Each structure stands twice: as structure tokens, then as C-alpha cells.
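Q: Structure incoming, see below.
The values are calculated or read from the model by the stated rules, or taken from the named source; none is laboratory data. A quick note: this is a predicted structure, and the numbers were derived from the prediction, not measured. A quick note on method: Cβ atoms are made from the backbone with ideal geometry, for glycine too, and the neighbour counts reach across all protein chains shown. For accessibility, only protein heavy atoms count, side chains too; no ligands or nucleic acids. Shrake-Rupley method; radii C 1.70, N 1.55, O 1.52, S 1.80 Å.
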Amino acid sequence: MDCEAADILQGIQEQMVMLSRDSTFKMPISFDKGLQYAKNNSKYTNPQSTRRVLEPLAKCGLTDSEVCVIGNVCPETIDEVFALLPLLKV
């Protein structure tokens, strides 16, 4: 999920102080863009709490990717869920 990606990328960015001492190591621009995207689009700040809230969906047979879509988009109605994941309607 976006909140997990933001958490992981933030940790990597914090370690970049050590990495920046190595002149052969260059972080790609896409890293900063990915971090900003994850931070700006995450509706949650605590990945562990989010996982606990969404865990019942996995117990109902949803895949990790389906749970992530629901967690990232945060649909308000069941119709929105079905629009995002039409196979769930079956």
C-alpha cells in the first residue's frame, strides 16, 4: 500500500546520509518522485494499523493486491469497490 511504500522509502532516505559519502552511488530522480507520490497519496500514516483494519478482507479470500487497491483508494461504497475490482461482484 502507499502508506507502506512511504514508510519504506522514508527509511531509505534517512539512510542516504551514509550512502551519500560514496561518490559512486547516485539515487535516481525517480526515488524522490516515488517517495513524494507515496506520501501525498497515502490516506493512512500507520501501515500496521491499516493492515489490521484490512485483514478481514484477506480472510474473505481477497488477494494482497486487491486489499491494497481498497486500502489505497479507500472507496466509500460497495459500488465503488465493484467498479475498482469487478471480479469481486461474482
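Q: Taking K39 as meeting all but one of (1) under 10 Å from the mean Cα position of the chain (by Cα); (2) exposed (fewer than 12 other Cβ atoms within 10 Å of the Cβ); (3) of a type in the set (K, R), write down the number of the exception.
A: Here K39 meets the rest and fails (2).
Q: For residues that are in a loop (DSSP other than H, G, I, E, B) and surrounded by 11 or more Cβ atoms within 10 Å (Cβ to Cβ), scanning just the stretch 5-36, find the one that is modelled with the lowest pLDDT.
A: S20
Q: Could I ask something else about it? Could you list, in sequence order, all residues of the stretch 1-49 that are basic (K, R) and within 22 Å of V69 (Cα to Cα)?
A: K33, K39, K43
Q: Six or more apart or on different chains, Cβ atoms under 7 Å: show the pairs whose first residue is in the stretch 71-90 and among the hydrophobic types (A, V, I, L, M, F, W, C) and whose second is open to solvent by 80 Å² or more (accessible area, probe 1.4 Å) and not in a loop (DSSP other than H, G, I, E, B).
A: Pairs found: F82/K89.
Q: Here's another thing I want to ask about it. Taking the stretch 49-80 as the search range and keeping residues that are surrounded by 10 or more Cβ atoms within 10 Å (Cβ to Cβ) and of a type in the set (S, T, N, Q), which one is farthest from the chain's Cα centre (by Cα)?
A: Going through the qualifying residues, I end up with T63.
Q: Among (1) in contact with a helix residue (DSSP H, G or I) (Cβ under 6 Å, 6 or more places away or on another chain); (2) open to solvent by 50 Å² or more (accessible area, probe 1.4 Å); (3) at pLDDT 90 or above; (4) not hydroxyl-bearing (S, T, Y), there is one condition K89 misses while meeting the rest; what is its number?
A: Failing condition for K89: (3).
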